[in-house]
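The values are calculated or read from the model by the stated rules, or taken from the named source; none is laboratory data. Bear in mind the structure is a predicted one, so any value in this text is a computation, not a measurement. All Cβ positions, glycine included, derive from the backbone under ideal geometry; neighbour counts span all protein chains shown.
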Amino acid sequence: MSSKSEKQKILVTSALPYANGSLHVGQLAGAYLPADLFVRYHHRVGSDVVFICGSDEHGVAITLAADARQTTPQAIVDSFHPQLKATFDRAAFTLDYYGRTSSPEHHKTAQAFFKVLHDGGWLVTRTEEQFYDEKADRWLPDRYVEGICPHCEHPDARGDECEKCGTWIEAKTLGEPRSKLTGNTPILKETTHWYFKLSEIAPELEGLVLAQDAAVG
Ligand SMILES: [Zn+2]
């Protein structure tokens, strides 16, 4: 542990909740309360600690909610972000900052991180096949494709998992795939994705975790 003269700086964050619905008690207790307890402890012992979090306003969860309510992703996040923030305030969590991933500050910071990783050669691109709905003119993330489960033959399995047998699925393995947007049969098209070379720094990260464990223990 650090000496009192040079305080260890501690940054705490929790999984960002998607701005696509209200928080329930299980989420508050499971994902945010442990972080809040940790932060309260560090406030009490005089640590230099900052607790940040925010609404995740990008991703499939948002577009699915927008499609289900027949509105736009922007309308969904604009309605749920203030609600999430109010819930954290009412629960008296000790957050120093609660932002949103659509803010200009977040875009700027995320782009700066991306640029550092890109310039440093930490990213690799891979071309893969993904389902595409020609009628809707949209790429289909896994959850937008349904079909027959390759394991139990459940006819309404999702492209990421089968709710009947609980098996994780790769969308391409579904039988008779159909688009959740139009019901049409989607086609497979090539698309490029960026991946972070996590394996190259895995030993270093493991070392940090073990050192932290030893310090706490
Ligand atoms: Zn199944």
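Of all the residues in segment 183-194, those that are buried (at least 16 other Cβ atoms within 10 Å of the Cβ) and modelled with pLDDT under 95 number 0. Please indicate, with yes or no, whether at least one residue in segment 148-156 is within 21 Å of GLY59 (Cβ to Cβ) and loosely packed, with under 14 Cβ neighbours inside 10 Å. The answer is no; no qualifying residue exists.
Suppose the filter is in contact with an Asp or Glu (Cβ under 8 Å, 6 or more places away or on another chain) and part of a loop (DSSP other than H, G, I, E, B); does THR94 pass it? Yes. Among the residues here, LEU23 does not qualify as in contact with a Gly (Cβ under 8 Å, 6 or more places away or on another chain) and in a loop (DSSP other than H, G, I, E, B). Of all residues in segment 133-144, at least one satisfies being surrounded by 12 or more Cβ atoms within 10 Å (Cβ to Cβ) and either within 16 Å of the ligand (Cβ to nearest atom) or more than 21 Å from LEU64 (Cα to Cα) (or both). For the structure I just gave you, tell me whether SER55 is touching a Gly at 6+ places or on another chain (Cβ under 9 Å) and under 29 Å from ASP160 (Cα atoms). It is true that SER55 is touching a Gly at 6+ places or on another chain (Cβ under 9 Å) and under 29 Å from ASP160 (Cα atoms).
Just one of the listed residues (THR173, THR127) is polar (S, T, N, Q) and either more than 16 Å from the ligand (Cβ to nearest atom) or under 21 Å from the mean Cα position of the chain (by Cα) (or both), and it is THR127. From the residues in segment 34-57 that are surrounded by fewer than 18 Cβ atoms within 10 Å (Cβ to Cβ) and within 18 Å of ALA15 (Cβ to Cβ), which one is nearest to the chain's Cα centre (by Cα)? Ranking the candidates gives ILE52 first.
In segment 163-180, the qualifying residues are those that are crowded, with 17+ Cβ neighbours inside 10 Å and modelled with pLDDT under 95, and the one that is farthest from ALA65 (Cα to Cα) is ILE169.
Applying a threshold of 7 Å to beta carbon distances and a minimum spacing of six or more residues, or different chains, the list of pairs starting in segment 102-127 at a residue that is over 14 Å from PHE196 (Cβ atoms) and ending at one that is assigned to a helix (DSSP H, G or I) reads SER102/VAL77.
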